[in-house]
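Have a look at the structure below before the remarks.
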Amino acid sequence: MRVQEVDLSRTYDAVIVGSGAAGGMAAHVLTDHGLQVLLLEAGKRLNVEQELRSMEWPYDHPRRGDAPPGSHALSFNEYTIRQPPYANKTAFKHVYSYVGGWSGADYVKNILVDEKDHPYTGTRYAWVRARCLGGKTNIWGRLALRLSDYDFKAKSHDGYGEDWPIAYTDLTPYYDKVDLYLGISGVKENLPHLPDSLFQRPTRLNPAEVKLRQSVARTGRVLTPYRAGVTTDGLKHNKYRSKCFGRGACNRRPGGCDIHAAFDSPTGLIYPAMDTGCLTLRTNAIAYEVLVDQNSGKARGVAFIDSDTRKTYEAKGKVVVLAASTLESARLMLLSRSRQHPNGIGNSSGHVGHNFCEHVMGPGVTGFVKELVGRPRTLDDGRPGGFYVPRFRNLKDRQSSFIRGYGFEGNSGYSMFPAGAQDAPGFGAGFKKTVRDHAGAFISMGGFGEVLPRFESFVDLDPEAKDGWGVPVLRFHYQFGDNERKMAEDMAVTAREMFEAAGIEVIGVDREILTEGWSIHELGTARMGNDPKTSALNQFQQSHDVRNLFVVDGSSHVSASCQNPTWTIMALAWRSCDYLAGELRKGNL
Ligand SMILES: Cc1cc2nc3c(=O)[nH]c(=O)nc-3n(C[C@H](O)[C@H](O)[C@H](O)COP(=O)(O)OP(=O)(O)OC[C@H]3O[C@@H](n4cnc5c(N)ncnc54)[C@H](O)[C@@H]3O)c2cc1C
Ligand code: SF4
């Protein structure tokens, strides 16, 4: 790839902050328009193939994938009992979010942030962050879903909150572009509430999943193969990515695909953008303020700290594009106080940090398909995901106890770490046979429900606490409400019903709600809207207050939907950056 020297004496056309899904997409689109772009990324550029070691077997690792002694991943109990900052007063040298507790912690120890350096305060929140080139896309679960007008026009549907300033038709061409540029696998279902993508080859459902699909279809519901942001047919235009070989690696680790069949921002977007000769990358660059021109009040660049040397620098740009992720972009806006923007840049509405929303998780079901016991072994984790049951609540019906909806993500079949092994009775050869015979017969699914945006759900800057580089940290004021609790109760009920109706023996129903933040789908802290009094950004993710400031990540979302957000983040960023390039050419910024 072509590497450009960073030149801080020059004014770039655009300075982008953050290199995840949003920042990577901004870099791709703006360089495609021929703009000269500087991308600032707080984390390091990792040798990610070496980090992920997707094909390493547990017995080839000195600790079977566990992190070294002295490292600790936060548990559900800790999130429940304690208050942030969770790494406070701990004896462990390194503390990671709960994702570091999935099998294979050693593979993500350099990808996830160390909570010791990155504290936050306030109400309980399981905040998962990845500070490295590509951000969370290095380990994301790849469920790649579109939103529909049930989401964009949700207020028109049920009266709550605000409609988005765009409709599905505004975003359709950009979803199509994302599909074609990055690759997505799935099956067309023609659902108005979960629009189809331009799919590559789908992965196959296994027998337990087919059984459930046939059963739920009888009630008008749908079970579809996991819509994965993974190229299954390959992408001729991208030399950094390979097609999925179904190597059985997807389910072994907390995400990550070392041949980059699964989308990640560096190989999918950033390296190809560097090859245009228009993109300069500065890693280890922690942005801490959007700089403002004293006369015009417009953004003139970004101040950053080198994470290693701790020296501070300024990068100059005609346009500033924030893409540091929903919560970090809000933090940066709040940190950027000036005479012209005393509440933080782009925050004359007082809405930055507010209307924070995400997905509620926890309830789900595990079952057992008796007729699959003892059947020949199949390669079920050699695929990017299992299945998805799209929303079915509050579409045509009206639930009396909650508004909006939820979907289920699920999986079944054989995997490297056999389901049920820990609970199986016996020992020796008999135990092994029991585990082997039963391993392919388990099936489970868990809900992801829409959390309502509320003005009183917000983050602000803690007046005292600072991170490892002396930058004020976020303080959370955020809890699930009654709608989320009622929705979660319904999830547990419908999950059980669907398994029972399919003749699947239910062996466990989870009813407990996981800690706020568990979904890793944080959204809404600088929402779009037509009214500058109640929103921070317009429909092109452009600040109402500062016309050369754009915020292209999930902070712009008006509501959370129940569909996973990353594909929408990228479609919106593409649309906004097309607009940005046009406006810059016209001299409007
Ligand atoms: C385990 C896991 C599973 C997931 N599964 C799914 C899924 O199945 N489907 C789905 O849609 N989504 C999923 N997600 C969420 C998905 O990863 C995010 O929606 C997506 O990455 C958001 O993109 P982003 O660019 O806003 O943020 P990120 O990907 O987090 O990127 C932000 C970047 O900004 C950098 N940054 C932050 N602050 C600063 C600063 N001050 N200065 C400079 N740089 C900064 C960070 O280091 C990071 O590289 C998952 C996430 C995880 C971790
Ligand atoms: S199954 Fe496909 S997407 Fe998953 S790790 Fe293997 S090649 Fe990558």
Problem set entry | Within straight-line cross-link reach of K298, lysines at Cα separation under 20 Å, skipping those fewer than 8 residues along the same chain | K316, K318, K533, K586
Seminar exercise, completed: Regression test value, accessible area per residue of segment 310-358, probe 1.4 Å, units Å², expected 34 Å²
Exercise. What is the set of long-range amide H partners of R393 at a cut-off below 5 Å, with H atoms built 1.01 Å from backbone N?
Worked result: Y406
Exercise. Amide H neighbours of C132 under 5 Å, counting only residues 5+ apart in sequence or on other chains, H built in-plane at 1.01 Å?
Worked result: G43
Exercise. Using alpha-carbon pairs under 8 Å, 6+ residues apart, how would you state the relative contact order of the chain in percent?
Worked result: 21 percent
For this session: Would you mind computing, in nm to one decimal, how far apart the modelled labels at R398 and V373 are, each placed 7 Å from Cα along Cα→Cβ?
Result: 4.8 nm
Exercise. Counting other Cβ atoms within 10 Å, which GluC sites (Glu not before Pro) in segment 42-88 have at most 13 and lie in a DSSP loop?
Worked result: none
Problem set entry | Two-decimal log10 I(q)/I(0) for segment 349-461, as the Debye equation yields it once each C-alpha is a single scatterer, q = 0.23 Å⁻¹ | -1.22
Problem set entry | Local net charge near Y240, Cβ-Cβ under 14 Å (Lys/Arg +1, Asp/Glu -1) | +2
Problem set entry | Burial order of peptide ranges 416-426, 537-547, 300-310 (average beta-carbon count within 10 Å, highest first) | 537-547, 300-310, 416-426
Problem set entry | Rg/Rh ratio calculated on Cα atoms of the chain (Kirkwood radius) | 0.95
Exercise. Amide H of E516: which non-local residues (sequence gap of 5 or more, or other chain) have their own amide H closer than 5 Å, using H built in the peptide plane?
Worked result: A126
Exercise. Mean separation of Cα pairs under 8 Å and 6+ residues apart, divided by the residue count of segment 307-401: what relative contact order is that in percent?
Worked result: 12 percent
For this session: Could you please state, rounded to a whole Å, how far the C-alpha centre of segment 563-589 is from the C-alpha centre of segment 300-365?
Result: 18 Å
For this session: Grab the beta carbon distance between A421 and K44, set R0 = 30 Å, and tell me the FRET efficiency rounded to 0.05.
Result: 0.25
For this session: Could you go through segment 344-357 in sequence order and give the Karplus-derived ³J(HN,Hα) for each residue, using 6.51 cos²θ - 1.76 cosθ + 1.60 with θ = phi - 60°, rounded to whole Hz, and x for Gly and Pro?
Result: x, 5, x, 10, 5, 6, x, 9, 5, x, 9, 6, 5, 8
Exercise. Using 19 Å as the cut-off for backbone N distance, which residues of segment 202-225 belong to the label zone defined by a point 7 Å from the Cα of A501 along Cα→Cβ?
Worked result: 208-225
For this session: Using label points projected 7 Å from each Cα along Cα→Cβ, tell me how many nm separate K533 and D176, to one decimal.
Result: 3.9 nm
Problem set entry | Euclidean distance of C-alpha centroids, segment 164-222 and segment 115-129, integer Å | 34 Å
Exercise. So what J values fall out for segment 475-486 if you push phi through Karplus, 6.51 cos²θ - 1.76 cosθ + 1.60 with θ = phi - 60°, rounded to Hz, Gly and Pro as x?
Worked result: 10, 8, 10, 7, 8, 5, x, 5, 4, 5, 5, 5
For this session: Normalising by the residue count of segment 195-297, find the relative contact order in percent from Cα pairs under 8 Å and 6+ residues apart.
Result: 18 percent
Exercise. Pulled fully out, how much extra length does the chain show between V509 and L198, if you take 0.36 nm times their separation in residues and subtract their Cα-Cα distance?
Worked result: 108.4 nm
Exercise. What fraction of the DSSP beta bridges in the chain is antiparallel, stated in percent and rounded to the nearest 5?
Worked result: 65 percent
Exercise. Using the Karplus equation 6.51 cos²θ - 1.76 cosθ + 1.60 (θ = phi - 60°), what ³J(HN,Hα) coupling, rounded to whole Hz, does each residue of segment 271-287 give in order, writing x for Gly and Pro?
Worked result: 4, x, 5, 4, 5, 6, x, 9, 10, 10, 10, 10, 8, 6, 10, 8, 5
Problem set entry | Length added when fully stretched, Q340-Q214, from 0.36 nm per residue minus Cα-Cα | 39.3 nm
Problem set entry | Cleavage-rule hits, trypsin sites (Lys or Arg not before Pro), segment 24-129, DSSP coil, Cβ neighbours within 10 Å at most 15 | R45, R63, R64, R82, K89, K93
For this session: Grab every C-alpha pair in segment 172-293, bin the distances at 10 angstrom width from 0 up to the longest one, and report whole percents.
Result: 11, 32, 30, 18, 7, 2, 0
Exercise. D275 to T312: FRET efficiency via 1/(1 + (r/R0)^6), r the Cβ-Cβ distance, R0 30 Å, to the nearest 0.05?
Worked result: 0.45
Exercise. Out of segment 337-439, which chymotrypsin sites (Phe, Trp or Tyr not before Pro) are coil in DSSP terms and have no more than 11 other C-beta atoms within 10 Å?
Worked result: F427
For this session: Mark the label point 7 Å from the Cα of Y160 along Cα→Cβ and return the residues of segment 359-374 whose backbone N is within less than 16 Å of it.
Result: 359-361
For this session: Counting helices only, and only those DSSP H runs with n ≥ 4, report the 222 nm mean residue ellipticity of the chain as the sum of -39,500 (n - 2.57) divided by its residues, in deg cm²/dmol to the nearest 500.
Result: -6000 deg cm²/dmol
Problem set entry | Under the Debye formula (equal points on every Cα, no solvent term), log10 I(q)/I(0) of segment 257-307 at q = 0.14, 0.16 Å⁻¹ | -0.59, -0.71
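The values are calculated or read from the model by the stated rules, or taken from the named source; none is laboratory data. Nothing here was measured: the structure is a model prediction, and the numbers come from that model. Cβ sites come from the backbone with ideal geometry, for glycine too, and all protein chains shown count toward neighbours. Side chains included, ligands, DNA and RNA excluded: accessible areas come from the protein's heavy atoms. Shrake-Rupley method; radii C 1.70, N 1.55, O 1.52, S 1.80 Å.
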